[in-house]
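A short worksheet on the structure shown next.
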Amino acid sequence: LLEALGSGEPDVQWAAAGALGQLGRAEERVVTALLEALGSGEPSVRWAAAEALGQLGRAEERVVTALLEALGSGEPDVQGAAAGALGQLGRAEERVVTALLEALGSGEPDVQGAAAEALGRLKATDPRVLEALRRLAKQRKAPGSDAAFEALWELALFLGTDRTDGGGTRRSSRVRRAR
């Protein structure tokens, strides 16, 4: 699979990256090869490499840095995969949350949805996150609004409350969403 990942043939590389992610063997040479693929010029290969890195779950510095770069790539498919992978890695540090917040405002449906899911998965309860998710969830027809709502619901459950606004109301997020 590592040989296939370095073959230079995008379809073969895409399949190899996907298989490596599904196998789940986060060996050094596998992670290194996926990081190289993430830096390739072919978006489908970059997408598959980002997905695989998230599946492998190695939240080391070089992986997070490469995924943050991919999140800022301007390629929606790659950005969405990078956002999802960052959520899987579980590092809710400031730079990750800030980058995901920027992606949440991208206007790209897949990127917004993946960023919202990642923020929910990371249990990012920063007030900026809650406000950004709330704004997006209120825009019922906006791309990513459903994912933002689900992320808010996850965060409300994580916080042990049925609200994420910090106010005195006891209306649940589901009720607030239905209004």
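Quick note: the coordinates plus some simple rules give every number you see, no bench work behind them. Note that the coordinates shown come from a computational prediction; the quantities given were computed from them, not determined experimentally. Positions of Cβ are backbone-derived with ideal geometry, glycine not excepted, and every protein chain shown enters the neighbour counts.
The table that follows gives values for the structure above.
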quantity: Relative contact order (%) - criterion: Cα under 8 Å, at least six apart; region: the range 5-61; calculated: 41
quantity: Folded to 0 to 90 degrees: helix 94-104 orientation relative to the chain principal axis, Cα; calculated: 80
quantity: Environment charge at Gln13 (Cβ cut-off 12 Å; Lys +1, Arg +1, Asp -1, Glu -1); calculated: -4
quantity: Backbone N within the range 27-49 under 20 Å of label point (7 Å from Asp11 Cα along the Cβ vector); calculated: 41-49
quantity: Mean separation of Cα contacts under 8 Å (6+ apart) over length of the chain, as relative contact order %; calculated: 13
quantity: Mean Cβ neighbour count within 10 Å, used as a protection proxy, ranking 80-91, 143-154, 122-133 highest first; calculated: 80-91, 143-154, 122-133
quantity: Two-decimal Rg to Rh for the chain - Kirkwood Rh, Cα set; calculated: 1.04
quantity: In the range 25-57, the trypsin sites (Lys or Arg not before Pro) that fall in loop regions by DSSP, at most 16 other Cβ within 10 Å; calculated: Arg25
quantity: Per DSSP, loop GluC sites (Glu not before Pro) in the range 28-122 with at most 16 further Cβ within 10 Å; calculated: Glu60, Glu93
